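Read through the structure below, which is laid out as structure tokens, and then see the notes.
The values are calculated or read from the model by the stated rules, or taken from the named source; none is laboratory data. Given the structure is predicted, the values throughout are model-derived calculations rather than measurements. Cβ placement follows ideal geometry from the backbone for every residue including glycine, while neighbour counts extend to all protein chains displayed.
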């Protein structure tokens, strides 16, 4: 049975938008490294029985090296950078920075992978970067956002782009469930040696435990299952429209649960960034999406 597209898309955006809320809650307590190590380990562990049930464990083993590599680029590094950014940035602002992925995909595709840029996509890239400049440069009552945190959010977007290009070239034969499971467990494996160097800041209470569990199970495992199911049913272009909804939900969750305020810089800069994304995304779905879903 096919998923109803619009309810599934909105639900997916709500789940991924909530991830910025969960990171905002848990990162100050656990620290970015421990938080993301737990996120990817739990998410991979939840999905592993599905891989085994489908008889795809041999595929995971055969591609383990490449899955670890893509896990670093698509999970360990960008998730940790976003968690670091969330220490000082609001959930909404971090999500807007994360939404620049298609803009970087268009630019990197042209500069590194020799993909064509038409006039509309060039304008989209320019518009997106103007939005970023406004986002970090327009003064507000709270001052301008910390530059290092903003750069961390943008570097996370760049990492996603390289991960997607690597996956498209080296893991195109791997199904979505193997890709996500192997990537999350590979990321956990890489992060394990780092844990002693980044001790937990304070013992987590019940609210933090719930936030970490929801981040891993709902905003990672379940979200990716829905995402790949939608790609299989309606294609990557329609599915990637979720990009425009995620910041909306992140802003709403931040306002409702953390009393975060939508600033003028967020409204203007975010609007320009999402407009740039719409233009840059016209032919970027191929270079910015994960591998083919397979079965």
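For this structure, a couple of remarks:
- In the stretch 268-275, the count of residues that are over 16 Å from the mean Cα position of the chain (by Cα), assigned to a helix (DSSP H, G or I) and either modelled with pLDDT of 95 or more or more than 22 Å from residue 97 (Cβ to Cβ) (or both) is zero.
- Comparison of 92, 71 shows that the only residue that is more than 24 Å from residue 265 (Cβ to Cβ), in contact (Cβ under 8 Å) with a residue 12 or more places away in the chain and within 18 Å of the chain's Cα centre (by Cα) is 71.
- Test: residue in the stretch 137-158 that is at pLDDT below 90, under 16 Å from residue 33 (Cα atoms) and more than 16 Å from the chain's Cα centre (by Cα): no
- Of residues in the stretch 206-243 being free of Cβ contacts under 8 Å to residues at least 40 places away in the same chain and assigned to a helix (DSSP H, G or I), the one farthest from residue 6 (Cα to Cα): 206
- Test for residue 32: is it under 30 Å from residue 134 (Cα atoms), in contact (Cβ under 8 Å) with a residue 12 or more places away in the chain and out of contact with any helix residue (DSSP H, G or I) (no Cβ under 9 Å at 6 or more places or on another chain): no
- Listing of helices (runs of 4 or more DSSP H) fully contained in the stretch 1-103 that carry 1 or more residues being surrounded by fewer than 24 Cβ atoms within 10 Å (Cβ to Cβ): 5-30, 32-53, 57-62, 64-71, 77-85
- Of all residue pairs spaced 6 or more apart or on separate chains, those with beta-carbon atoms under 6 Å, a first member in the stretch 51-65 that is closer than 13 Å to residue 173 by Cα and a second member that is at pLDDT below 95 are 63/174.
- You will find that of 122, 134, the residue that is free of Cβ contacts under 8 Å to residues at least 60 places away in the same chain and surrounded by fewer than 24 Cβ atoms within 10 Å (Cβ to Cβ) is 122 and no other.
- Count of residues meeting criterion [over 14 Å from residue 64 (Cα atoms) and at pLDDT 95 or above] in the stretch 174-197: 7
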